[in-house]
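Report on the structure given below.
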Amino acid sequence: MLKKFTQPKYLLILVAGIIVISSLAWFAVRLNRLQERSGESGKLVSFDYCAEELTKLCVVSFGRDADDNTIVNLFVPEDEFPIFYLKVTRATGESVYECDKNDEVKTSVYCTGDPLNLEERFDIQIVSVKDDQILAQGRFTLTAFLITGPTADVQTPQTTPEVASSTQTESTPTVSSGTSVASGDLATATATQSNNDLATPTTSVAVNQTATSVAVIRATPTATSDSYPSYP
Amino acid sequence: MTVWLDGLASLAAHAATVTIILLSILWGMWIIRGLLDQFYKERLSEFEKLAIAAAGWPAPILFLALLLFLISLIFTSTIGLIVTIGIILSSSFVFRGEKLSLPQTFLFFLLGFTSLILHFAFLKDMFLPSYFDSAEHYRLIHSITETYRLGILSKELLGTVYHLGFHFISAGLSFFFQQSIVDVILVFGQVILTFLPFPLFFLIKNETDSTLAGIFTALLAGFGFHMPQHLMNWGKYPALLSLAIISFVLCMAYLAFRGNPHSYPRKYSLILLGIGILASILIHSRTIVLYAILGIASVALLIWKRQRSSIRVLTILFVLGLIVIEIVFSRSDSALKLLLEGYLVKDFWMLILVGLLTIFSFLYFTETTFLLFSVLAFMGLALFTPFFLPIHGVQSLLDRPYVQMFLHLPFSLLGGLGFAGLIQTIKRLLPSRELLMRFTAVILFGLVLINIAFQYNFYSSPCCRFTTRDDLAAFTWLDHSIPEDATILIASSSLYVASLQPSQIQTGVDAGIWIQPLLARNTALAWQGMQLDSSEIHSQLCNKKVGYIYIGGMPQSFSEPILAALPEWYSPAFSLPKAKVYQVIGCH
């Protein structure tokens, strides 16, 4: 009786069936989890600093930008939150932090807003842009900005930077064969980055039809204990 | 237990991409299985056919992907897609084989699914593929998808003559199924890993006539050594795909030259062998060297077989001596010494086990063992043999990562042959002690399983995970905040992977390598130890119009304290613990 099920069409149906059932089960679990999170007697989702396991909404790190604004780097589970902004409540009042999501990795969101001080205690609310509904909240103490060196003391630059129009690159996909350039010397940019597993060259990518490039600036291209090894 | 849960969680997280890639692979396997059925009728068992198909699937998928690309380029991607669907449907019917044997098919996919779950633990918390190669793979795949989208051949692709296979297959899957390129790369790698051990079962099962030895070999190849899983830490996806098709070539070569010509007509085996070699070269050009080595080693075997036994013994000693010399030389070469260290450190106990089993392999399967040792010896020579390549200059025939990747294959085969040899030894010496034979088999399997439980690393290595979540935030900030034509300086280092290699090859050493492919921004590679505090360097950065410097969180990233100490030259623009962007200022 079972013999007819060994035919390819039945096996394909079987495989398709397993896939469909698995997908449905997966969606059911996800839906259930979502309902649990949002519906538990109207409780808000609470969040904190990230632990080792990144499974739920959490703060990865705090930082600063050029204008001394505070950056809040968040892990946000995919598809579980709509577009949002942060409302930070401090002793001095409330302020809004705008957020941007990474195009490629949707779980990465960073927000920027008014400067926060070390040892300051504040509440962060995650608020939906669409309807201003509070989605999650957490209480934080900024114990450290985790910024090394004296960067926090550095003022916003006064000098307007000279921004390049483009780098000098050669479009020929060849590895330059010239001799090593002396320490501290910047050679004319030459497109080279390649390796055995890579196809040739890395010049001008036609991404979005905008010419971009990778140049190589050479300085002391010798093996050192720091640079070694490749492919550990 | 955690590994299983992490594997399942990663599978669930990538469910759509996994399904699409698995269905594509199943189509490739279906075609290969159908061909095997038509050529060899029922001389191969269902499991053997599936095992070979598990190695040969990249060939049909690759040829279809190339055809899809050509049609899309000449006409439109929609026409390309319609033709492709037509080919998939018609070929599935034309190449349908005999009825599938349900129990063996079930067993095959049960083992495959188990392996899949375990391999997916690697993707836990992985949001971008590892190391610097991956960024280049992303860039190439993106160039192909842009060609699909715009219908114009990307200038970038004209120079891309190597490793078409992985990039074209991935681009096709990404574009037509609307999957993220990153997801396709991550998932594809783990799925390829899943199917890699099966063809070795076929080879050893047929060579030794022992199913257990075949399974033992597959177990060793899948989880016995740090390779091929460690390839994912290096982001060497084309090399990984090449391993699959190499196994297919080995299987076909085995049927063509070692199989019974009445059971396995040679002309069919040669046709499939040719297809396999062509696909293999398109997937990874360095496989040509490998096939040349296999050819030379096979000729050496034929000559060796005709010699007197004393000369044969001397030749074996010579080959072993040659390998020892190569080991000594490679250990003294800074670029090659990691070759053996990788195995000695990570796979020490498995090397001991395989080493012991090799004695039995030599006793009972002398010819095959001699062939494998010859291959090892010639591969060692290829590490020091120079050849000139127009684009890359003088290089060695093989580089260290490629040999390191490949070594797990002969090691696993030797282990499988030795397993069968040991069982035969017991059978010969103690014919009445069947229990002892079973006990020995259980012990050998147990040793490998214990090694897997305590030694095998199912997760990605921090050595090669360039990108942290802080880097992702920095990328988003760069994308939104800096001028489109700004150039960003990223840290790099010279590549040291071969005894002969142009010193100019530079590679990224932190997440900065992803800026150009992900954001389409100009980047400039600079040696990671460059003296950024020298006025000469600063003025040259200004002259080169480098606007920003990216500092990732890797040990070889630029030194942040140096930049922070010079606020008149470098201004912090974005700062998170593991990712910083400095603006170059003070240019006159």
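What follows draws every value from the coordinates through simple rules; no lab data is involved. If you're wondering where the values come from, they're calculated on a predicted model, not measured in any experiment. Here Cβ is always computed from backbone atoms with ideal geometry, including for glycine, and neighbour counts include all displayed protein chains.
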If contacts are Cα pairs under 8 angstrom and at least 6 residues apart, what is the relative contact order of region B:207-341 in percent? 15 percent
Give me a comma-separated list of calculated 3J(HN,Hα) values for region B:100-107, in order, Karplus coefficients 6.51, -1.76, 1.60 applied at θ = phi - 60°, integers in Hz, x for any Gly or Pro. 5, 7, 4, x, 5, 5, 4, 4
Just want to confirm a number: the relative contact order over chain B, from Cα pairs under 8 angstrom separated by 6+ residues, in percent. 14 percent
Between B:Ser334, B:Ile87, A:Leu118, whose Cα lies farthest towards the positive end of the dipole of the protein assembly as shown when Lys and Arg beta carbons carry +1 and Asp and Glu beta carbons carry -1, centred on the Cα centre? B:Ile87
Compute the Rg/Rh shape ratio of region B:390-479: radius of gyration over Kirkwood radius, all on alpha-carbon atoms. 1.27
What does DSSP give for the protein assembly as shown in terms of the percent of beta bridges that are antiparallel, rounded to the nearest 5? 75 percent
Region B:24-183, relative contact order in percent, only Cα pairs under 8 angstrom and at least six apart counted: 27 percent
Quick check on region A:47-91: what does the Kirkwood estimate of hydrodynamic radius come out to from the alpha carbon pairs, in Å? 12.0 Å
Cα centroids of region B:327-374 and region A:69-134: how far apart, whole angstrom? 55 Å
Dipole in debye (nearest 20) - region B:325-370, about Cα centre, beta carbon charges: Lys, Arg +1; Asp, Glu -1: 120 debye
Distance-filtered residues of region B:282-318 - backbone nitrogen under 12 Å, label point 7 angstrom along B:Arg428 Cα→Cβ: none
Expected sort for A:Lys101, B:Lys236, B:Lys544, B:Lys267 with the fewest Cβ neighbours (10 Å cutoff) up front is B:Lys267, A:Lys101, B:Lys544, B:Lys236
Could you tell me which of B:Ile141, A:Thr92, B:Leu116 has its Cα farthest along the dipole of the protein assembly as shown towards the positive end, charges placed at Cβ (Lys, Arg +1; Asp, Glu -1), taken about the Cα centre? B:Leu116
Student exercise, chain B dipole from Lys, Arg, Asp, Glu Cβ charges, in Debye to nearest 20: 1900 debye
The size of the Cβ-based charge dipole (Lys, Arg +1; Asp, Glu -1) of region B:334-445 about the Cα centre, to the nearest 20 debye, is 300 debye
Which value does Rg/Rh take for chain B over its C-alpha atoms, Rh per Kirkwood? 0.99
Per residue of B:536-549, other chain Cβ atoms within 10 Å number on average 4
Compare the Cα positions of B:Ser263, B:Leu409, B:Met29 along the charge dipole of the protein assembly as shown (+1 at Cβ of Lys, Arg; -1 at Cβ of Asp, Glu; about the Cα centre) and return the one farthest towards the positive end. B:Ser263
For A:Lys130, list the lysines whose Cα falls under 17 Å from its own Cα; do not include residues on the same chain fewer than 8 positions away. A:Lys87, A:Lys101
Which number do you get for Rg(Cα) / (2.2 N^0.38 Å) in the protein assembly as shown? 1.00
Just to be sure I understand: if I project the alpha-carbon convex hull of region B:475-520 onto a plane and average over all orientations, what area do I get in nm²? 3.8 nm²
Compute the Kirkwood hydrodynamic radius of region B:507-588, taking the inverse of the mean of 1/r over all pairs of distinct Cα atoms, and give it in Å to one decimal. 12.9 Å
